[in-house]
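Worksheet: one structure, shown below.
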Amino acid sequence: MEDRSQWAERIIDQIADAVVVADRSGVIVRWNDASAALFGFAAEEALGQNLDLIIPEHLRASHWRGFEAAMTKGVLKLQGRPTLTRALHKSGRKLYVEMTFAIVKGEAEGKVLGSVAVARDVTERVERERAARAS
């Protein structure tokens, strides 16, 4: 049987939701297959890039304020609560995604190592709801 870390890696690779892990400075360090499918960037293109890769320009300032506060305080305002937001596809198309965020802490002293976001595409649902309200 494989060890727990190998299991964890397989789960992240095979889960249907996008999993994006960033270090304390907002550089992408883990990008699963579902992230590639959702955002259009292969892992080789995304790894080592700044999170701005998938954040629409008009949301970047507020994202970085929240991100830096979370990395400093070790606490998230939205911890575990799904949040509807916009994201950017490689093609430039804007997506609606539902995301949950968590702080990643090390075992020793609970030092903040970075963050993880789990996302799914809800563009069709949001557009359907908007169309229903408009009619």
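A short reminder: the numbers here are calculations on the coordinates, not readings from a lab. Every value quoted in this text rests on a predicted model; they were computed, and no experiment measured them. Cβ atoms come from the backbone with ideal geometry, glycine included; neighbour counts cover every protein chain shown.
As a check on your grasp of the helix formula, calculate [θ] at 222 nm for the chain: sum -39500 (n - 2.57) over DSSP H runs of n ≥ 4, divide by the residue count, round to the nearest 500.
Details: 5 runs with 51 residues, N = 135.
That calculation yields -11000 deg cm²/dmol at 222 nm.
Lysine pairs in region 4-134 whose alpha-carbon atoms fall under 20 angstrom of each other, counting only those eight or more residues apart or on distinct chains, come to 4. In terms of other Cβ atoms within 10 Å, Glu107, Glu129 run from fewest to most in the order Glu107, Glu129.
Just to confirm the number: angle between the C-alpha axis of helix 57-73 and the first principal axis of the chain, 0 to 90 degrees, nearest 10? Taking the Cα atoms of the chain, the angle to 57-73 is about 30 degrees.
Between 0 and 90 degrees, the angle of helix 4-14 with respect to the longest Cα principal axis of the chain falls at about 20 degrees. Per the Debye formula on identical point scatterers at the alpha carbon atoms of region 1-118, with no solvent, log10 I(q)/I(0) at q = 0.10, 0.15, 0.18, 0.23 Å⁻¹ is -0.29, -0.67, -0.98, -1.54.
The angle separating the long axis of helix 123-134 from the principal Cα axis of greatest extent in the chain is about 30 degrees.
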